[in-house]
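The structure appears right after this line, and notes come after that.
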Amino acid sequence: MSIEKIFKAYDVRATTPEPLNEDAAWRVGHAAAQFLKRSRQTTEAKVGREDTIVVGGDMRPHTPKLKAALIEGIRSVGTHVIDVGMIDTSFIYFAINHLDCVGGIQVTASHNPINYNGFKISGPKAVPIGSASGLDDIKRIAVQTRVGKTGLQGKLEEMDLWAEYRKHVLQFLDLPNPIKIAVDASNGMAGVMVPKVFDDVPNLEITKILFDVTGEFTHEPNPLVEENLKWVQDEVHKGGYALGGCFDGDADRCMFIDENGKTVGCDILTALLAPDFLKDNEGGTIVYDLRSSHIVPDTIKAHGGVPKRDRVGHAFIKKTMKENDGIFAGELSGHFYFKDNFYADSGAIVFAALLSHLSKSGKPLSELVKPLQKYAQSGEINYQVEDKDAKIRELAEAYKKAEIDYLDGITIDNGDWWFNVRKSNTEPLLRLNLEASNATDVEKYVKELQDKHLGKPAEGH
């Protein structure tokens with residue numbers, strides 16, 4: 001059976017045991033090691049361990065077997081492996097840089113259901129490897145490879161880096177005043193990471209929800225879906241909490257709610273934290289995804305920073321941060337990136353940064369975000385469209401008097417309201433994000449777009 005279908009735009013992900021099984025895992029490991037070996041022959045930027053890949057995995061019940069097969073595939077190229085154990089995804093980015101390895105692979109399916117698994121592959125310095133930056137090459141090698149003895153076997157070493165990781169993350173934590181919070185780990189990797197990194201921190205009290213790693217999920221481990229926040233909201237409604245947080249399955253994203261249980265949008269969070277990063281980096285660049293509220297660039301400019309609008313997706317954000325020496329970046333999806341974290345994203349670090357901001361301010365989170373909630377937003381709405389390019393051309397013609405750009409899909413700015421329409425990578429869907437000065441206008445303009453151009457929203461999205 002062909003394993004082509006397990007390769008996605010940014011990672012490898014599928015249901016297990018079919019089509020993702022130990023045979024496929026071995027081939028992915030073998031192919032990734034081959035690719036990293038070949039690609040290093042043409043590069044000048046050297047790393048300390050050119051022949052070593054670091055590997056970690058999440059808490060899914062099938063992760064140990066898939067990880068073992070992946071490791072054997074890597075070793076079959078003669079490449080060495082450092083196994084750092086059961087970790088959150090942000091940990092792998094730290095480990096690649098801390099150990100100065102040629103790359104790393106995390107075995108995880110992030111927020112997908114428990115019967116999924118996959119591999120997030122990174123190159124030197126934890127640069128993400130997606131379809132345009134090597135994943136297509138890895139797929140080609142994997143498809144042509146058969147599992148078997150190669151006569152080569154790299155070394156395997158196990159290493160516990162939790163103490164070093166904790167020290168790294170806690171550089172971002174400064175709590176002058178006591179703070180009490182509730183955290184939902186979604187039965188995922190935050191159940192391991194939060195105790196190892198944040199337990200025994202002075203002035204921090206954490207009420208832990210769904211921290212048991214049981215091999216199943218009590219609720220879908222996707223905190224972007226509002227109904228999955230119910231557990232942490234119920235706890236926060238009891239009172240006495242500064243905020244609540246809910247991590248996704250591999251703990252590289254966290255959604256936050258204020259002391260009243262109300263969700264704080266990730267673009268609002270980018271705007272809230274931007275001044276903290278600009279304090280020590282005057283005139284610094286902060287990157288944000290183009291679906292974000294205009295309050296983000298407004299706030300960055302107001303605090304002397306340079307806002308840099310970017311395409312959606314970690315491969316683009318990380319690249320733009322590096323090219324512009326960006327100090328901080330935020331995506332609407334809940335990924336936050338830090339220059340002092342090797343330009344990589346981290347759920348643990350944004351958690352630390354927000355707690356620090358709250359502890360220092362002495363104000364409730366709802367009060368801090370209120371001035372940033374200046375505009376009204378539609379949220380992301382999906383529409384089923386077969387000919388996506390034709391529909392984008394139609395929108396450009398209909399709003400040709402507006403300011404238009406094509407950085408990611410089409411963004412049409414009419415002055416007092418604007419919208420972005422992007423294509424789904426994998427489905428016949430267009431995704432709309434619209435912002436106006438008030439909720440009535442948002443409703444009016446969404447209706448206008450639906451009546452004239454987009455039709456009814458897609459069911460189940």
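What to note about this one:
- Inter-site label distance for T426 and A132 at 7 Å from Cα along Cβ, in nm: 1.9 nm
- The angle between the Cα long axis of helix 388-398 and the main principal axis of the chain comes to about 20°, on a 0 to 90 degree scale.
- Axis angle, to the nearest 10 degrees, between helix 347-361 and the longest C-alpha principal axis of the chain: 40 degrees.
- Secondary-structure-derived ellipticity at 222 nm for the chain, considering helices only, amounts to -10000 deg cm²/dmol, per-run term -39500 (n - 2.57) for DSSP H runs with n ≥ 4.
- Cα gyration tensor category, rounded, prolate or oblate, for the range 144-245 with a/c compared to 1.5: oblate
- Summary of packing: across the peptides 3-14, 391-402, the per-residue average of other C-beta atoms within 10 Å ranks them, highest first, as 3-14, 391-402.
- Whether the range 328-461 is rounded, prolate or oblate, judged on the alpha carbon gyration tensor where a/c under 1.5 counts as rounded: prolate
- C-alpha long axis of helix 63-75 to longest principal axis of the chain, angle in °: 60 degrees
- Karplus 3J(HN,Hα) series, Hz, for the range 194-202 with 6.51 cos²θ - 1.76 cosθ + 1.60 (x for Gly, Pro): 4, x, 5, 9, 10, 5, 6, 8, x
- Distance between the range 238-259 and the range 294-316 - C-alpha centres, whole angstrom: 24 Å
- Radius, Kirkwood style, for the range 373-416 when every pair of distinct Cα atoms is counted (Å): 12.1 Å
- Overall form of the range 75-122 per C-alpha gyration tensor (a/c, 1.5; a/b vs b/c): oblate
- Links that overshoot a 29 Å alpha carbon limit, given the list K67/K149; K167/K208; K238/K363; K149/K318; K401/K447; K301/K322: K149/K318
- Full extension of the chain between M159 and H237 yields a length gain of 24.0 nm, computed as 0.36 nm times the residue separation minus the alpha carbon distance.
- Couplings 3J(HN,Hα) for the range 242-248, derived from phi with the Karplus relation 6.51 cos²θ - 1.76 cosθ + 1.60 (θ = phi - 60°), are 6, 6, x, x, 10, 8, 7 Hz, where x marks Gly and Pro.
- Rg/Rh (Cα only; Kirkwood hydrodynamic radius) as it applies to the range 394-461: 0.95
- Within the accessible area of the range 118-224 (1.4 Å probe), percent carbon and sulfur: 47 percent
- At R0 = 30 Å, FRET efficiency that the Cβ-Cβ distance of T207 and D441 yields, to 0.05: 0.15
- A straight Cα-to-Cα reach below 15 Å connects K360 with the aspartates and glutamates D174, D276, residues fewer than 8 places away in its own chain not being considered.
- Computed from phi, the 3J(HN,Hα) profile of the range 13-19 under the Karplus parametrisation 6.51, -1.76, 1.60 (θ = phi - 60°) reads 7, 6, 6, 10, x, 10, x Hz, with x in place of Gly and Pro.
- Euclidean distance of C-alpha centroids, the range 137-196 and the range 27-106, integer Å: 11 Å
The values are calculated or read from the model by the stated rules, or taken from the named source; none is laboratory data. It should be emphasised that the depicted structure is a prediction, and the values quoted were computed from it without experimental measurement. Backbone-built Cβ (ideal geometry, glycine too); neighbour counts: all protein chains shown. The accessibility values were calculated without ligands, DNA or RNA, using every heavy atom of the protein model including side chains. Shrake-Rupley method; radii C 1.70, N 1.55, O 1.52, S 1.80 Å.
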